[in-house]
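Worksheet: one structure, shown below.
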Amino acid sequence: MTVSIASFSIFIQNSLVVHFWCIFLAFFLKIKFDLVGKKSMISSLFRKKSIAQIQADAAAGFSDAEGGGETSLRRSLGTFDLTMLGIAAIIGAGIFTMVGQASFNGGPAVIVLFIFAAIACGFAALCYAEFASKIPIAGSAYTYSYASFGELVAWIIGWDLLVEYAIGNIAVAISWSDYFTQLLKVNNVDIPAYFTMDYLSASRGFADNHELVQSVLAQGQTLEGLGRMTGDQLVAISDKLNPSVVEAYSAWTSAPQLGRFPIIADVPALAIVVLITALVYVGIRESKIASNIMVAVKLGIILLVIGVGALYVNTENWRPFAPNGFAGLTAGVAAVFFAYIGFDALSTTAEECKDPYKTLPRGMIYSLLICTVLYVVLALVLTGMVSYKVLNVGDPLAFVFGPQGVNLPWLSGIIAVSAIVAMATVLLVFQLGQPRLWMAMSRDGLLPKIFSSIHPRFRTPWFSTIVTGFMVAIPALFMNLSEVTNLSVIGTLFAFTVVCAGVLVKDKEFAGSKRFVPYINSQFIVPALFILIAGALFYFNGEAIRTFFTDYTSKEEAAFYHKIPYFVFVLFSVTMAALCFVKRLSLIPVLGVMCCTYLMTELGITNWIRFGIWMLVGFAVYFIYSYRNSKLHKREEAANEA
């Protein structure tokens, strides 16, 4: 009896899901029975911390951390520094690699998608600013959720942000390595292929294409010669041949052996993570200076691209404006939103800001506005320089100035260097954010005390920084996580949604104080918008809408399942419109929730399943360790005993 790999994979996935559900149920029941006669399960899981309590616990957290002492974080960030850090986080791999794919799908109309994504992020940024001005404590969405929804939701968000920071940084480190090794190759500096790519990519690439490469070599070609050919030259030999195939074959066949296993690792990815982690470990002041310098270089290059590129714009390339219609635009949602990820990481530096009540909200909003203007202008220039049909490349900014564009090789080389700088700044900001999130969770008892330990000399969360470095460096060294990069996007959108919803919950409590999210009655606006948008979709694209809701005859087995997120969003939208009419909710956070949840539906059911499995692992960790070690739980036990 034989079992296919696909069937075995499905069996393993289902087994994992059942396993985690069993763990979750077991601990749920155990805690429930332990709580009989003390406190209900629901109120215990959703116990909240007041803003005053969060601030008091943060102040006490330093002296209570592993190692003791009164060491605190160094406050050295002003509005300018925070704005530069925000730009450093936002402008990175997204704009240097994914804008080409989005332009290819949406044409010049991709600027509409950039604006929509900016609006969605803008609503979220205002909500982050609202919380940051009221709770200037490291922890970002985790801390805000603790105050709004309680401990379980706060833990879910903290666990969710691991996906945004860790997986996002692994992907950025691998992308940085690709750009770096390509730049070296252009300048005739070759690093062996087995030290420039990950083990999984080499293994899969060799298994799938070794017969193809061997047949080409049998025709008289050499492996070294194939390695120096361009993509077009390789395709001329065989339409299935490309640089990635050649690199994987070369790495697998030339790698040194350890027993029966070839030694293949992405060393440049490891090197950049180690370098950035060391910089973050040394201190926020040094990180700030390095970030400001790299951002200045990055902005200078982007302005140069816009200025020079504008001279070569052919307005005929903007016609048609939306060649692939609405479907083409939505196909680029993940790519465009990925370009905006990062501004929320600023909120983890709240305790290192000189005046967090003012500087932190301003830094987030200013950086988002600057990046939006740059993105829209840059997208217009790119789609004006060449046809959108040729922009489906991994390095679109360099491509438009290359031989198939306006042929300015000197500028193409400069752009390659700037991409390396840009992605290094993204690594820097996220490596700053993750340790400070763990520090906040550790103060609350949800992680061991050592995670909130502050270095006496550098005044940084030293242990959390080291663990973060290992979490990013080791997978980046051996694994190719391109299949799960969308997890970073869905995790970020989920956090944005919860923060916007948190402002709705805290709206009355925040009333009377200075607001970044002014109250606007949504009673009639949201239902009217819902009816207007639904009517426009049926009027301009009625046949596609009817087919979507009525046609389930697709030969693809999973066709129906991929529509599930859209069905859920429609029901959710109707519910929110009704709540707005009845409860008169605040408009801006409602729009933030709606925009972010819509963008999540565009990521597909597969990413939702992966995200769900990750959340189940988080539930297991919470009930195994965090629930009983929570400081709120210990306070409740002490009160009950008294």
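The values are calculated or read from the model by the stated rules, or taken from the named source; none is laboratory data. Computed from a predicted structure; not experimentally measured. Cβ sites come from the backbone with ideal geometry, for glycine too, and all protein chains shown count toward neighbours. Accessible surface areas use protein heavy atoms only, side chains included; no ligands, DNA or RNA. Shrake-Rupley method; radii C 1.70, N 1.55, O 1.52, S 1.80 Å.
Structural remarks
- Total charge dipole magnitude, the range 157-208, about the Cα centre, Cβ charges on Lys, Arg, Asp, Glu only, Debye to nearest 20: 160 debye
- Per residue, in Å², the accessible surface of the range 197-244 once ligands and nucleic acids are set aside, probe 1.4 Å: 61 Å²
- Separation of the Met479 and Ala310 label points, Cα + 7 Å toward Cβ, nm: 4.4 nm
- Inter-probe distance in nm under a simple model that places probes 7 Å from Cα toward Cβ, at Ala236 and Glu637: 7.3 nm
- Portion, in percent, of the accessible area of the range 579-642 that falls on carbon or sulfur, probe 1.4 Å: 65 percent
- Ligands, DNA and RNA left out, the 1.4 Å accessible surface of the range 207-282 is 58% carbon and sulfur atoms.
- Linear extension gain, Phe326 paired with Val297, 0.36 nm per residue minus alpha-carbon span: 6.9 nm
- Unsatisfied cross-links (Cα-Cα over 21 Å) in the set Lys48/Lys354; Lys134/Lys506; Lys49/Lys583; Lys449/Lys634; Lys298/Lys389: Lys48/Lys354; Lys49/Lys583; Lys298/Lys389
- Peptides 624-634, 190-200 ranked from most to least packed by the mean count of surrounding Cβ atoms within 10 Å: 190-200, 624-634.
- Label point at Ser203 placed 7 Å out along Cα→Cβ; residues across the range 438-482 whose backbone nitrogen lies under 18 Å: 474-482
- Here the extension length gained between Leu217 and Thr606 equals 136.2 nm, from 0.36 nm per residue of separation less the Cα-Cα distance.
- Simple spin-label estimate for Asn629 and Arg546 in nanometres, 7 Å along Cα-Cβ: 6.0 nm
- Using the Cβ-Cβ distance between Ile533 and Phe261 with R0 set to 60 Å, the FRET efficiency works out to roughly 0.60.
- Protein accessible area in the range 329-471, 1.4 Å probe - carbon and sulfur %: 68 percent
- For the listed peptides 146-158, 460-472, a ranking on the average number of other beta carbons within 10 Å per residue, highest first, reads 146-158, 460-472.
- Positive dipole terminus of the range 157-243, leading residue within Ser238, Ser203, Val189 (C-beta point charges): Val189
- Peptides 107-115, 407-415 ordered by average Cβ neighbours within 10 Å, highest first: 107-115, 407-415
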